[in-house]
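Following: one structure in structure tokens, then a few remarks.
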Amino acid sequence: MAARGHVQDPNDRRLRPIYDYLDNGNNKMAIQQADKLLKKHKDLHCAKVLKAIGLQRTAKQDEAFTLAQEVAVLEPTDDNSLQALTILYREMHRPELVTKLYEAAVRKVPTSEEYHSHLFMAYARVGEYKKMQQAGMALYKIVPKNPYYFWSVMSLVMQAISAQDEKLSQTMFLPLAERMVEKMVKEEKIEAEAEVQLYFMILERLGKYVEALEVVQGPLGEKLTSELQSRENKCMMLYRRLERWAECNALSCKLLLKNPDDWQFYLLYFDSLFHLIDQSWTPPQEGTHSAEGEVHASISQALSFMEDRIATEEAKESKHLRGPYLARLELIRRLRERSCPEAQQLGEPLELMFQFFVKFGDKPCCITDLKIFLDLLTPDQHVQFINRLMEAVPLGAPGEDGVAFPGDTRALQRHLCVTQLSRSLGQQHALNTQGKLGLIKELKAHYRHGLQFGDQNMLWQSLGLLEEGLSHSSSNAQFKLLLLLLYCRLGAFEPVVDLYSSLDAKHVQHDTIGYLLTRYAESLGQFAAASQSCNFSLRFFHSNQKDTSEYVIQAYKYGAFEKIPEFIAFRNRLDHSLHFAQVRTERMLLDLFLEADISSPLEESVKSMSLCPEEDDILWDSLRDNRDLTVLVSWNPKDRQLNAEHKQRSLEDDTLWLRLRSLTLRLIGCVSALTHPPASRNSEKRTENGVAAKPSSLRSLLSQLESTLNQATQFTEKQLQYPFVGPVPSRLAQALSSGCCQCQLSSLQLPLHLQELEAAGLDESTELQTQISNLFKSLAVQLQDILEKCKGDPLEVKDSQSTTQHFLLENLVYFVETVCIVLWVSNYCVSVLRPLKSSLQKKKKKKKEASTVTPPVLSAYQEFNSSLQSLLNQALEHIKSQEISLTALKLGALSLEGQTQSEVRTFTKMAMDKVQSSYLRSLQEIGELLKKRADTLKSLKI
Amino acid sequence: MTTLRAFTCDDLFKFNNINLDPLTETYGIPFYLQYLAHWPEYFIVAEAPGGELMGYIMGKAEGSVAREEWHGHVTALSVALEFRRLGLAAKLMEMLEEISERKGGFFVDLFVRVSNQVAVKMYKQLGYSVYRTVIEYYSASNGEPDEDAYDMRKALSRDAEKKSIIPLPHPVRPEDIE
């Protein structure tokens, strides 16, 4: 971790054991060794910093920081100290301190190329673009190397990109950057490809496309060699921007001749062609058509160009490319859109698609290819089309059950493709129930046959079939994802853990598909799994913040300038991820639900997660939805496919839920702060600890929660449905229908009234006391209502069929969560009511009054406390009895109707067992938590 | 029927259909960023007209020129299930080879699981041959034995005598390779 080349330096030799200890994770020994060394050599600063690293890594941040600052104020200039401090600050997530360090170092050693370059990188880590620009120039003045000069130029571009004011970018930063490059061009000092790339980036951002084209086509453009077709691609982009359709057309022709399968150039070819036709373009009288050669500006030319492409393909013996054939269909579409009769000259789409199927039907992608062009068929052609395709599927003779099977993998692939197309055309959805069941039977027969190469009852059967599928193809991700989704929808989270982990989803996948895991774990009461799945995601997001900055620096070093804004945008996309905000919030709530006031007091939990009620840590306007909602394959017709509206709705859905949860979390923070006002009255200190809560923030958070609840109610009233293989609905609808949101709001409103009571005292507050008493009563009623919605059997066997009511489990979780909040609020109530009561008793003693009238608010609280007690007992009993009956439930006794084959029965049974076991686990975890909560009730008496 | 273009960070959010394959590794973000920062030209993705990612190749250039070991390396090559058997992998390999040619590489090399016969066969068809076996190169996590890798090579035009691909007589250990 430090420069170890200089063996001659005795300090290096002395420090080495400490480095080794740190590298091996032996932090204690590192600290000891450092102490020993410091006794002998007091001013060996680096030893101090290394000790600080050891302290930091053993969770003694404050000590580490103090020690580090002792060295930092001395403004060290030795490599060892500087590097060690850099490492320490990075681990502390304080990259801004590194800049201070090197600012001091270059002040002391102004000619050091190394320190200047470290300073530049330190600025890059924190995104100080202006200072980077200056540091780059300072470096260039010391050592006139081109990269340094261009670091400075790039920093100007970054100032332009990050400027709020677009005008400032266009009139100041970018022109300045342009002039800086031009200066080098004039002096003929341009050396590297990266420098030309940067020049191009600047001109492009300035909209100077003509100038950019000159650069790409001129001598500087010759340096653009790393990337394949770099100059051509850049020219093409510029022709489009400049609307130079003739050049665009000629260049796409040329590129298509080179690679007749590159789809983007077909699209450009057609675009430019029709633009030229619209402009009635005619070739110049003499000379070439355009700078890029021959131009096609008529439909007949396009037709013959397409014919030539296809003739070339046809002449090949094997390895036909799909591009030309699909481009022909695309041209038909475009000609039809313009009502050009020439469309017919290319052939009848049905026939052409049939021919395509004959050629490529055994490729798995045939379906995605043809799907795009299905709308070229008229609805009355659909049946004919599917029948025609079936002719080209070689099936054997029908067996006893009338089903004919394909003879090999290729035939199977063809059959699959036709089946998928028929589904896409909506033919399967048009069938009646009988027809659908018949089809399912047939497809299942096909699936089972295929293996040789490689109502709620329906739901169970689907699970069974998928489990069977997975047992045959243990790495099929689609089987796993479907199973995962089905189990979740059935309320069984236990099997999901293994399924998800067998997908081996890692890193960025935590962001894109992690929602599959985090959405259900907590809501189904599997708290341990919920914590773990939040942790997976959080670990990823936290490391991202540190990691990406390092690669911004790498991009400067390697001159990959175009990657710099890309990396920064990427970092932001992850930082602002919806999923990140969700797991951050849910993880904190979960910790509080599971631990607060059980293993440690609420205020300590709140403090340890630095939860600050006044601060909203979510940037709502920049939230990014990074979920991969297309991870499950769907061949459904268009109207059943996931569309943009579903995505938008789902984002709204998730955001509303997140808002509710984040407000709830902050309100819990408020309640904690009210209950335990910080001892020190120093206001600065209070906000730093994050436990300060002014009554104003309580009031404003409550009104925000209330209005969000209204929005949420309106939203759920629309009762939107997502496609099954689309986004999963948030917890919003179920939470609202359980009544928990309203109940939580009511309980969180209590502190406001109690604050008033605290100020008014018991004597002069009859009205207020009545009000509070009513609130207590209403709260008990609301809780009872939620509990009623939890009653019933989650898994039921009736008439030898089993049905699930998994929402009962979800409601139980809402009940428990609400109980937690109510208990924390009760704790606050106690903290207000107890002193009132004891001062009342003192007063009584003084005056020796014999009056026994208890103030109404005190008796109302006592009553509330005992109704809570009975509610919790009821709930615990309910859970216990559910556990018993669920354990006793014998699913094996079920006759699985309609499932003749024993394999399916086995797998369906297996799925049922998994669901049963998972429900049991949910009940156990929920029961355990509730028991712990019930235990805390005793301390809440007054 | 493919659009070939540079891989960008945003593609990391869309590559699940490719990477949820048991033989395709999903690396940590730093790994991808390192390649994007250092060898962006070697990281190419193929996109279908519908916008789905079809497959990608990720590579780098390394080795000493003086020792005639400067070469292109294939770090990852993967094609989504539904876009296989279209020759896409071959196309991506061809592009990587061309870039390596331009950089003056002596050869292109790659590592592949000995058990991955489909891949080994494909690389052979593309002109690659086994240069050496690397013992226990792939470490298994679930208690299964570690797996050997073939280090396969194909000479580029700069190595006219094809010296770089003469097979080593003995297998090597992972710590012995550079």
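Does A:Ile553 fit the bill of being within 19 Å of B:Leu12 (Cβ to Cβ) and either within 13 Å of chain B (Cβ to nearest Cβ) or in a loop (DSSP other than H, G, I, E, B) (or both)? So A:Ile553 fails the test. Among the residues of the range A:572-597, which ones are touching a strand residue (DSSP E or B) at 6+ places or on another chain (Cβ under 6 Å) and not hydroxyl-bearing (Ser, Thr, Tyr)? Residues satisfying the conditions are A:Arg573, A:His576.
Here B:His73 clears all of (1) within 7 Å of another protein chain (Cβ to nearest Cβ); (2) under 13 Å from the mean Cα position of the chain (by Cα) except the condition numbered (1). Within the option set A:Asp654, A:Asp639, being surrounded by 20 or more Cβ atoms within 10 Å (Cβ to Cβ) and away from chain B (no Cβ under 14 Å) holds for one residue only, A:Asp654.
For the residues A:Gly407, A:Gly454, the requirement of being within 13 Å of chain B (Cβ to nearest Cβ), more than 33 Å from the chain's Cα centre (by Cα) and at pLDDT below 90 singles out A:Gly454. For the subset of the range A:495-510 comprising residues that are surrounded by fewer than 20 Cβ atoms within 10 Å (Cβ to Cβ) and assigned to a helix (DSSP H, G or I), which member is farthest from the other protein chains (Cβ to nearest Cβ)? Here the residue is A:Val497. Checking A:Ala315, A:Ala302, A:Ala297 one by one, the residue that is closer than 29 Å to B:Phe83 by Cβ and in contact with a Phe, Trp or Tyr (Cβ under 8 Å, 6 or more places away or on another chain) is A:Ala302 and no other.
The number of residues in the range A:232-258 being in contact with a Lys or Arg (Cβ under 9 Å, 6 or more places away or on another chain) and either under 21 Å from B:Glu41 (Cα atoms) or more than 14 Å from chain B (Cβ to nearest Cβ) (or both) comes to 5. From the list A:Leu748, A:Leu762, A:Leu736, A:Leu705, the one residue that fits, being in contact with a helix residue (DSSP H, G or I) (Cβ under 9 Å, 6 or more places away or on another chain) and at pLDDT below 95, is A:Leu762. From the list A:Leu267, A:Leu255, A:Leu238, the one residue that fits, being under 37 Å from the mean Cα position of the chain (by Cα), in the same structural domain as A:Thr312 (by the TED database) and part of a helix (DSSP H, G or I), is A:Leu267.
Table: residues versus (1) surrounded by fewer than 19 Cβ atoms within 10 Å (Cβ to Cβ); (2) at the interface with chain B (Cβ under 7 Å from one of its Cβ atoms); (3) farther than 24 Å from A:Ala192 by Cβ.
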site: A:Asn535; (1), (2), (3): yes, no, yes
site: A:Phe540; (1), (2), (3): no, no, yes
site: A:Gln545; (1), (2), (3): yes, no, yes
site: A:Lys557; (1), (2), (3): yes, no, no
site: A:Ile568; (1), (2), (3): no, no, no
site: A:Asn572; (1), (2), (3): yes, no, yes
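So that you can scan it fast, the table gives a plain yes or no per residue for (1) in a helix (DSSP H, G or I); (2) touching a Ser or Thr at 6+ places or on another chain (Cβ under 7 Å); (3) on the phi > 0 side of the Ramachandran plot; (4) at pLDDT 85 or above:
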{"residue": "A:Ser851", "(1), (2), (3), (4)": "no, no, no, no"}
{"residue": "A:Ile884", "(1), (2), (3), (4)": "yes, no, no, yes"}
{"residue": "A:Thr887", "(1), (2), (3), (4)": "yes, no, no, yes"}
{"residue": "A:Ser895", "(1), (2), (3), (4)": "no, yes, no, no"}
{"residue": "A:Lys914", "(1), (2), (3), (4)": "yes, no, no, yes"}
{"residue": "A:Leu920", "(1), (2), (3), (4)": "yes, yes, no, yes"}
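Among A:Pro284, A:Pro341, A:Pro349, which is the only one that is of a type outside the set (A, V, I, L, M) and at pLDDT 95 or above?
None of the others qualify; the one that does is A:Pro349.
Can you run down the residue pairs with Cβ atoms below 6 Å, 6 or more apart or on separate chains, where the first is in the range A:63-80 and over 11 Å from A:Val49 (Cβ atoms) and of a type in the set (Asp, Glu) and the partner is exposed (fewer than 14 other Cβ atoms within 10 Å of the Cβ) and modelled with pLDDT under 95? From the range A:63-80, the pairs are A:Asp79/A:Ala3. Could you check, for the range A:804-811, whether at least one of its residues is outside any helix (DSSP H, G or I) and crowded, with 20+ Cβ neighbours inside 10 Å? Within the range A:804-811, one or more residues are outside any helix (DSSP H, G or I) and crowded, with 20+ Cβ neighbours inside 10 Å.
Go through the range A:574-583 and report how many residues are within 10 Å of chain B (Cβ to nearest Cβ) and among the small types (Gly, Ala, Ser).
So the count comes out to 1.
Looking only at residues in the range A:217-231 that are more than 12 Å from chain B (Cβ to nearest Cβ) and assigned to a helix (DSSP H, G or I), the one that is surrounded by the fewest Cβ atoms within 10 Å (Cβ to Cβ) is A:Pro219.
Within the range B:133-158, being of a type in the set (D, E, K, R), surrounded by fewer than 18 Cβ atoms within 10 Å (Cβ to Cβ) and either in contact with a helix residue (DSSP H, G or I) (Cβ under 8 Å, 6 or more places away or on another chain) or closer than 23 Å to B:Arg67 by Cβ (or both) holds for B:Glu136, B:Arg158.
Can you spot a residue in the range A:276-292 that is in a helix (DSSP H, G or I) and of a type in the set (A, V, I, L, M)? Scanning the range A:276-292 turns up at least one residue that is in a helix (DSSP H, G or I) and of a type in the set (A, V, I, L, M).
Counting only helices (runs of 4 or more DSSP H) wholly contained in the range A:335-399, the ones carrying 2 or more residues that are more than 14 Å from chain B (Cβ to nearest Cβ) and closer than 25 Å to B:Arg85 by Cα occupy A:349-360, A:382-391. Considering only residues in the range B:6-46 that are modelled with pLDDT under 95 and more than 8 Å from chain A (Cβ to nearest Cβ), the one that is farthest from A:Ala560 (Cα to Cα) turns out to be B:Leu23.
Mind checking which residues of the range A:633-659 are over 18 Å from the mean Cα position of the chain (by Cα) and under 13 Å from A:Lys718 (Cβ atoms)? The answer is A:Glu645, and nothing else. Scoring A:Tyr102 on the criteria (1) part of a helix (DSSP H, G or I); (2) at pLDDT below 95 leaves a single failure, condition (2). Just a yes or no: is a residue in the range B:154-175 within 19 Å of the chain's Cα centre (by Cα), modelled with pLDDT under 95, of a type outside the set (Lys, Arg) and at negative phi? Within the range B:154-175, one or more residues are within 19 Å of the chain's Cα centre (by Cα), modelled with pLDDT under 95, of a type outside the set (Lys, Arg) and at negative phi.
Tell me, please, whether a residue that is under 12 Å from the mean Cα position of the chain (by Cα) and more than 12 Å from every other protein chain (Cβ to nearest Cβ) can be found in the range B:93-101. Checked the range B:93-101: at least one residue is under 12 Å from the mean Cα position of the chain (by Cα) and more than 12 Å from every other protein chain (Cβ to nearest Cβ).
The rows are residues; the columns are (1) under 19 Å from A:Glu70 (Cβ atoms); (2) modelled with pLDDT of 90 or more.
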{"position": "A:Pro10", "(1), (2)": "no, no"}
{"position": "A:Asp23", "(1), (2)": "no, yes"}
{"position": "A:Lys28", "(1), (2)": "no, yes"}
{"position": "A:Ile31", "(1), (2)": "yes, yes"}
{"position": "A:Leu38", "(1), (2)": "yes, yes"}
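Among all positions in the range B:122-137, there is at least one residue which is farther than 18 Å from B:Gly59 by Cα, modelled with pLDDT under 95 and of a type in the set (Ser, Thr, Tyr). Can you confirm whether the range A:511-528 contains a residue that is crowded, with 23+ Cβ neighbours inside 10 Å, in a helix (DSSP H, G or I) and within 10 Å of chain B (Cβ to nearest Cβ)? Looking through the range A:511-528, at least one residue is crowded, with 23+ Cβ neighbours inside 10 Å, in a helix (DSSP H, G or I) and within 10 Å of chain B (Cβ to nearest Cβ). A:Leu485 meets all of the listed conditions (1) part of a helix (DSSP H, G or I); (2) at pLDDT below 95; (3) crowded, with 23+ Cβ neighbours inside 10 Å; (4) not hydroxyl-bearing (Ser, Thr, Tyr) but one, namely (3).
The values are calculated or read from the model by the stated rules, or taken from the named source; none is laboratory data. From a predicted model like this one, the values you see are computed outputs, not experimental measurements. Cβ: placed from backbone, ideal geometry, glycine included. Neighbour counts: every protein chain shown.
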